[in-house]
Every structure is written in structure tokens, then in C-alpha cells.
Amino acid sequence: MTTAAQVIAVARSQLGYVESGDNQTKYWAELDPELQGSPWCAGFVSWVFKHAGMTLPNMGKSYGFVYCPNAVAYAYAHGLFSASGHYAPGDIVLYGPGGSEHTEIIVSDDGTTMVTIGGNTGNGRSANNGGVYQNNRAHDDWVYGVLQTSKLLRLAPTPPTPPIPPVSKVKKMSIIQSVTGAIYVTDGFSKRHIQSMLEVQELLKVAGQTAVVHCSRVTIDNLTTVGPA
């Protein structure tokens with residue numbers, strides 16, 4: 001299951017990246033080459049979630065979104081929009097009127113200042129500059145709200161854990177007969193003498209045997225007797 005910490009780690013790994021030309025980036029090259037030259041803040045966010053192991057829901061694109069209002073619409077439609085002013089790591093923050101201008105990923109938020117990482121930005125309040133930066137953002141009127149992807153991260157399905165097979169004593173159990181004719185049940189370490197043929201038949205079924213295995217006196221004598229001899 002992808003965690004907010006994984007999302008933030010991927011975002012941090014991109015700090016210092018600078019576009020190679022006017023909105024020419026490796027993010028568009030991977031996600032949507034036809035969009036080279038377009039603003040890439042949403043493309044960066046989508047790329048980060050993909051590389052953290054959780055592709056965002058389709059918000060206009062199979063890999064997430066490129067148009068910020070689509071993320072706002074998705075958040076409202078799925079009960080994931082918040083303008084509470086106190087957001088969780090991994091949330092996608094949206095800026096400007098209707099959340100239409102810019103988007104970044106929340107690293108932390110103390111209710112007064114958000115630490116964010118975003119692409120197509122710069123130092124300070126910037127919605128269309130050429131790099132990946134970490135910024136301290138005030139809770140001011142530029143902040144429209146967030147898509148609470150932190151909830152999607154928590155709700156992402158966890159692959160089922162394969163059950164651990166129980167330790168089976170049945171597979172280790174054998175019904176053996178010594179050269180003297182005595183019949184024993186053994187787990188390979190100890191033996192118990194069986195006198196009733198009815199019990200022999202029942203134990204054969206449990207052990208998955210069709211017949212009693214004949215065994216030498218030396219092997220029988222090397223086993224420790226438990227229970228009635």
C-alpha cells in the first residue's frame with residue numbers, strides 16, 4: 001500500500017529539477033508527450049503519485065489530471081474536498097479562483113503554514129515557473145482547498161497476505177512394524193506401541209498411508225518410546 005511518506009519521498013527526489021525549455025519536461029515525456037510545452041504542475045503531481053506506486057484516479061487522464069479544475073470537480077464529487085485550513089501529508093493542494101491556477105503536494109501543515117512540493121513553480125508564490133521547489137505557503141486567499149488524496153492512500157487496497165500453512169504433524173506421522181511384528185506410530189523421533197488393529201486402521205487413514213511400513217529393529221530401537229510400550 002502506498003503511503004504519504006512514499007509520495008513525499010518521490011516528490012523530494014525531484015527537488016532541483018528544471019525544465020529544459022519552455023514547459024519542456026521529462027514528466028510530459030513520460031506521461032503525455034503531446035503536452036510538451038503545456039503548464040506541468042498537475043503533470044508533476046500525477047507523475048509523483050504514479051512513481052510512488054499509486055496512480056491517481058482518472059480526472060481527465062488515465063494517469064490523473066492536467067487541468068486543475070478537474071481535480072476540484074473530482075474532489076467534490078467523491079467527498080474528498082476540504083478547505084478546512086489544516087491538511088494532511090499527501091493531500092493535493094489547489095490554488096487560485098476555483099482551484100484553477102496551480103497545484104502542489106502537501107508535505108506538512110501546522111494550520112498556519114503549509115510545506116509543499118510542486119513542479120512548474122519557483123521560490124515563493126509562483127504558478128508558472130520552471131522548476132521543482134519546496135515552499136512554505138501561508139494559508140491565504142490564494143489557497144482554494146485540497147483534494148484529500150491522503151484518504152485515498154489510506155483506502156488503497158492492500159494486497160492479501162498469503163496464509164501461512166499450519167505445521168502439519170500428519171505428514172510426519174508413519175505407521176511402522178518392526179521385525180518382531182510390533183506396530184508403532186512414529187513421527188520419526190519417538191514411537192508409540194499400538195495393540196488394537198482398529199486403531200491401526202484409523203491411524204493409517206490419518207497418516208495417508210495404505211499399508212503399514214516395515215522397519216528394521218535398528219531403526220525402531222533408535223526411537224524413543226512414549227506412552228504405553
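The values are calculated or read from the model by the stated rules, or taken from the named source; none is laboratory data. Quick caveat: nothing in here was measured; it's all calculated off a predicted structure. Cβ: placed from backbone, ideal geometry, glycine included. Neighbour counts: every protein chain shown.
When the criteria are applied in full, Glu19 meets the requirement of being touching a residue at least 12 places away in the same chain (Cβ under 8 Å), of a type in the set (Asp, Glu) and crowded, with 17+ Cβ neighbours inside 10 Å.
Looking only at residues in segment 22-56 that are in contact with a helix residue (DSSP H, G or I) (Cβ under 6 Å, 6 or more places away or on another chain) and part of a loop (DSSP other than H, G, I, E, B), the one that is surrounded by the fewest Cβ atoms within 10 Å (Cβ to Cβ) is Gln36. Being at pLDDT 95 or above, among the charged types (D, E, K, R) and surrounded by fewer than 20 Cβ atoms within 10 Å (Cβ to Cβ), is that true of even one residue in segment 118-140? The answer is no, given that none of the residues of segment 118-140 is at pLDDT 95 or above, among the charged types (D, E, K, R) and surrounded by fewer than 20 Cβ atoms within 10 Å (Cβ to Cβ).
The residues listed here are Pro39, Pro97; of these, the one that is under 28 Å from Asp140 (Cα atoms) and in contact with a strand residue (DSSP E or B) (Cβ under 6 Å, 6 or more places away or on another chain) is Pro39. Selection within segment 63-94: residues that are among the polar types (S, T, N, Q) and either part of a strand (DSSP E or B) or surrounded by fewer than 17 Cβ atoms within 10 Å (Cβ to Cβ) (or both). The member of this set that is farthest from the chain's Cα centre (by Cα) is Ser84. Restricting attention to segment 98-125, the residues that are assigned to a strand (DSSP E or B), out of contact with any helix residue (DSSP H, G or I) (no Cβ under 8 Å at 6 or more places or on another chain) and either farther than 21 Å from Ala88 by Cα or of a type in the set (S, T, N, Q) (or both) add up to 3.
Taking Lys50 as the residue in question, decide whether it is modelled with pLDDT of 95 or more, within 24 Å of Asp109 (Cα to Cα) and of a type in the set (D, E, K, R). Here the answer is yes, as Lys50 does meet what is asked. Filter segment 5-21 for residues that are in a helix (DSSP H, G or I) and not hydrophobic (A, V, I, L, M, F, W, C); which is farthest from Asn123 (Cα to Cα)? Residue satisfying both the conditions and the ranking: Gln6.
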